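Working notes, beginning with the structure itself.
The values are calculated or read from the model by the stated rules, or taken from the named source; none is laboratory data. What you are looking at is a predicted structure, and each value in this text was computed from that prediction instead of being measured. With ideal geometry, Cβ positions are generated from the backbone for all residues, glycine too; neighbour counts draw on all protein chains shown. These accessible areas exclude ligands, DNA and RNA; they are computed on the full protein's heavy atoms, side chains included. Shrake-Rupley method; radii C 1.70, N 1.55, O 1.52, S 1.80 Å.
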Amino acid sequence: MNQFAYPWAFLLLLLPFLLRMLLPAVKGLHGDALKVPFIFDLEKISIKSGSLWHMGSANTEGLFSKFFWFLYLVWFLLVVAAARPQWVGEPIRLNNESRDILLVLDISNSMLSPDFALNGYQTDRLTALKKVAGEFLQKRTEDRVGLILFGTRAYLQAPLTFDKKSVGEVLWAMDAGMAGNSTAIGDAVGLALKTLKDAPNPENKVIILLTDGENNDGSLTLGQATKLAYDEGIKIYTIGMGSPENYVSSLFGIPLGMKSDLDEEGLKQLANATKGTYFRANDTETLEKIYATIDKLEPSKHDERYIRETKELFYLPLLAAIFVSFALALALRRIN
């Protein structure tokens, strides 16, 4: 699509006519006619050459008219250039400012505890987590998302990427015990901080940590990891997963209470130190609400911003004006 940046510049096209009407004509031997001192030379040259400039002494006004329109053509081209003709392309949607989100998930054997429900059926914590976290991933269309899985060791299973499908595939392929049977929360947080270290804006870095246990392995304590996270200024949301009391049925169907070893106090301190929030997920429905809440707390910017590729074309009429001016000057030189 073509357009003019300054269409009002075309009003200048009227300027030569206004000047011709308002300014008095030059007075001389031929009354009010414009004095052209070399008109007789032009006449002699044009008669000999048979050129278009042949006017005769009686056609001084016609000669002036030809000069006027050639000069007006130059003026017209200059005005068009001043109006800044442009070619404008199709609108292109700008990518909104995205966040870097790392899901740090506990896959120790305790995640196999069958105290959650999915679609009306009892299931284990890990299966419920796969469903809820997978849905959360697909909603973060504008963000880069990565995945860290931990147990005895912490592993970066999916680096930060816009490819949510690949991260989702890794998420569904994970299994309890793949990273060991113990729980190294401190090491997992340390690896997450290291992964996000090179991201440019701390305000756009988010860690979502989920575990159902306490830090009982690894080289970093939860307190040390909390201090590191505080120093880096990266927000961490922590989720404690599992029922307050995990009941296991005996052979006779009698529920035996098992006290949860979840370190809620440590997870709360980690979240508070980094301006995040601690959540407790007792069932699948609560877990879904938690991820929905985080989604609202860390909204993607969906303001529709578009740009259009613009190419300036003013040089075309400007070059044409220069060409016509040179041609006119050359013609006058040949006449002289």
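Those strands (runs of 3 or more DSSP E) of the stretch 25-140 in which 1 or more residues are at pLDDT 85 or above, among the charged types (D, E, K, R) and surrounded by 17 or more Cβ atoms within 10 Å (Cβ to Cβ) occupy 100-106. Does the stretch 155-169 include one or more residues that are polar (S, T, N, Q) and outside any helix (DSSP H, G or I)? Yes: the stretch 155-169 contains one or more residues that are polar (S, T, N, Q) and outside any helix (DSSP H, G or I). Of all residues being surrounded by fewer than 19 Cβ atoms within 10 Å (Cβ to Cβ) and hydrophobic (A, V, I, L, M, F, W, C) in the stretch 141-173, which is farthest from the chain's Cα centre (by Cα)? Just the residue, please. Step by step, filter the stretch 141-173, then rank; the result is A173. Listed conditions (1) modelled with pLDDT under 90; (2) of a type in the set (A, V, I, L, M, F, W, C); (3) farther than 19 Å from T238 by Cα are all met by M174, apart from (1). Do the conditions hold for K227, that is, is it modelled with pLDDT of 90 or more, assigned to a loop (DSSP other than H, G, I, E, B) and surrounded by fewer than 18 Cβ atoms within 10 Å (Cβ to Cβ)? So K227 fails the test. In the stretch 17-28, the residues that are under 15 Å from W69 (Cα atoms) form Cβ pairs under 9 Å with partners that are modelled with pLDDT under 80 and open to solvent by less than 100 Å² (accessible area, probe 1.4 Å), at six or more places apart or across chains, as follows: R20/F68.
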